[in-house]
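A short worksheet on the structure shown next.
The values are calculated or read from the model by the stated rules, or taken from the named source; none is laboratory data. Since we're looking at a predicted model, the values are computed, not measured. So basically every Cβ, Gly included, is an ideal-geometry build from the backbone, and we count neighbours across all protein chains shown. Keep in mind that these areas ignore ligands, DNA and RNA; they rest on the heavy atoms of the full protein, side chains included. Shrake-Rupley method; radii C 1.70, N 1.55, O 1.52, S 1.80 Å.
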Amino acid sequence: MFNESIKMAIDGMVSNKLRTLLTLLGIIIGVGAVIAMVSLGFGVKEQIKDNISRLGSNLLIVQSGGRTATGARIQAGSGARLTYDDAKAIEKNVDGIKYVAPIVSRGYQLVVGNQNWTTNVTGSTPNLIDIRDYSIADGRNMTEHDMSGKDRVCVIGKTIVDNLFPEGDPVGKTIRINLAPFKVVGVLGSKGQSSNGQDQDDVVFIPLTTAQNRMMGITHVNSITIQAENENVINDVQAEVESLLRQRHKIKGSEDDDFSVNNLAALMDTMMSTANTITMLLGCIAAISLLVGGIGIMNIMLVSVTERTREIGIRKALGATYNNILLQFLIESAVIGIIGGFLGVVLGIGASYAISTFAEWKTVISIPIIIISVVFSVGIGVFFGIYPARKAALLDPIEALRYE
């Protein structure tokens, strides 16, 4: 009986091709939309994770600013209270730290012969190369000797090499930064663009002391980047850093900090939670079209019951029971859900690849979501097929045989 019902369901679908196509269309679009939208949401999560992982989830960024002055809150990074000595005190007194790198940055024009390029020049310690996970492709990194001597040396990225040294081999040659000569001592390995489109090779690193004393004429630093030994100790490191800086800056108990500490691990948790919410919202919106497809199944099945009223009467007259008729129509609804579900999977995967290729948005196809979508499409087919199936099963055989 079960096999016969499946065969009849398929025969009925084949004999009414246009009606079947229109019925399947709702399920196909619904399943495809769910897979594509959830894949897009997962892609957003991966992109967020990649962006923060490139910086390092075990990083703390200390910035000047954050205190209240004349009733207004000073923006983080806008103050001038952090110093190189603060960074050295943190490195010396706080446990669980791997690297500390104070940073200053400013835009300058770079000139080599008749070639020029404008970019941000970053002054820092040799540790910054390790914190940002760069490698030295040629030459060497900055050294403590460069720092103590305030030497005019620099380490440059591949983009700088391509634009200022088209002949290659820049190590040992001179770049003029804001008209001041700097010797190139190292070239960084290429990292390409980040997932948000930022060129990670368009960088110039010079010793912090050189930047402060010989370029910018400042005594403060814009920020201090701290890399903890691992993610497990980062909260303890943050608490110790905040306590130490309050002591050094003579901030009393009730006063606001004149600095801010950003924990990238906490930032990742917050952003991932937001991304999860977005993914759920996209999935729920797409699931509405799947419900609409289920309503389409119910409508078509009601039409099918009306068209086959005499057939139902004959089957009942020959001994078909309530359960026989009910099972037949429920199987037909389930078959529509199964076929629509699998075709929807193909559409959803294709749409995900299209979004990734043409819109250049990252998408991540999830096998569990595909399985859930197919199961849900079958469930939708059965659920919305219950009413037409019960209507068919409850038909009076005598009245059904009289139906014109």
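General remarks:
- Over the stretch 156-218: Rg over Rh, Cα atoms, Kirkwood Rh: 1.01
- Estimated FRET transfer efficiency when R0 is 56 angstrom, pair SER243-ILE386 (beta carbons, to 0.05): 0.30
- Dipole in debye (nearest 20) - the chain, about Cα centre, beta carbon charges: Lys, Arg +1; Asp, Glu -1: 600 debye
- The fraction of accessible area contributed by carbon and sulfur in the stretch 179-301 is 54 percent, rounded to a whole number (1.4 Å probe; ligands and nucleic acids excluded).
- Counted over the stretch 93-163 with a bin width of 10 Å, the fraction of Cα pairs per bin, in whole percents, is 15, 46, 31, 6, 2.
- Inter-label distance, nm, simple model (7 Å from Cα along the C-beta direction), SER254/ASN163: 5.2 nm
- At the listed q of 0.19, 0.23 Å⁻¹, the Debye profile of the stretch 266-336, built from one uniform point per Cα, gives log10 I(q)/I(0) equal to -0.83, -1.00.
- Based on Cα atoms of the stretch 351-404, Rg over Rh with Rh as the Kirkwood radius reads 1.42.
- The stretch 246-404, accessible area per residue, ligands and nucleic acids excluded (1.4 Å, Å²): 55 Å²
- Sorting the segments 297-306, 333-342 by their residues' average number of neighbouring beta-carbon atoms within 10 angstrom, most packed first, yields 333-342, 297-306.
- DSSP-loop chymotrypsin sites (Phe, Trp or Tyr not before Pro) across the stretch 102-169, with at most 15 other Cβ within 10 angstrom: none
- Per the Debye formula on identical point scatterers at the alpha carbon atoms of the stretch 189-309, with no solvent, log10 I(q)/I(0) at q = 0.09, 0.10, 0.17, 0.20 Å⁻¹ is -0.58, -0.65, -1.18, -1.25.
- Protein heavy-atom surface of the stretch 310-404, 1.4 angstrom probe: 72% of the accessible area is carbon and sulfur, with nucleic acids and ligands not counted.
- Greater than 18 Å apart at Cα, pairs in LYS88/LYS252; LYS92/LYS150; LYS92/LYS252; LYS158/LYS191: LYS88/LYS252; LYS92/LYS150; LYS92/LYS252
- Cα-based convex hull volume of the chain per residue, rounded to whole Å³: 222 Å³
- Among THR119, SER223, GLN212 - extreme Cα towards positive end, dipole of the chain, charges at beta-carbon: THR119
- Residue-normalised convex hull volume from the C-alpha trace of the stretch 104-216: 94 Å³ per residue.
- Listed residue (THR309, ALA101, ALA239) projecting farthest to the positive dipole end of the chain, Cβ model: THR309
- Relative to one another, the C-alpha centroids of the stretch 250-318 and the stretch 132-146 are positioned 49 Å apart.
- Label-point gap, in nm, between LEU179 and ALA317 - each point 7 angstrom along Cα→Cβ: 10.8 nm
- Cα gyration tensor, the stretch 185-260 - rounded (a/c under 1.5), prolate or oblate: oblate
- Theoretical FRET efficiency, 1/(1+(r/R0)^6), r = Cβ-Cβ of MET272 and ILE367, R0 25 Å, to 0.05: 0.75
- When the inverse distances between all different Cα atoms of the stretch 306-404 are averaged and flipped, the Kirkwood radius reads 15.8 angstrom.
- Sites GLU4 and ALA359, calculated FRET efficiency, Cβ-Cβ separation with R0 35 Å, nearest 0.05: 0.15
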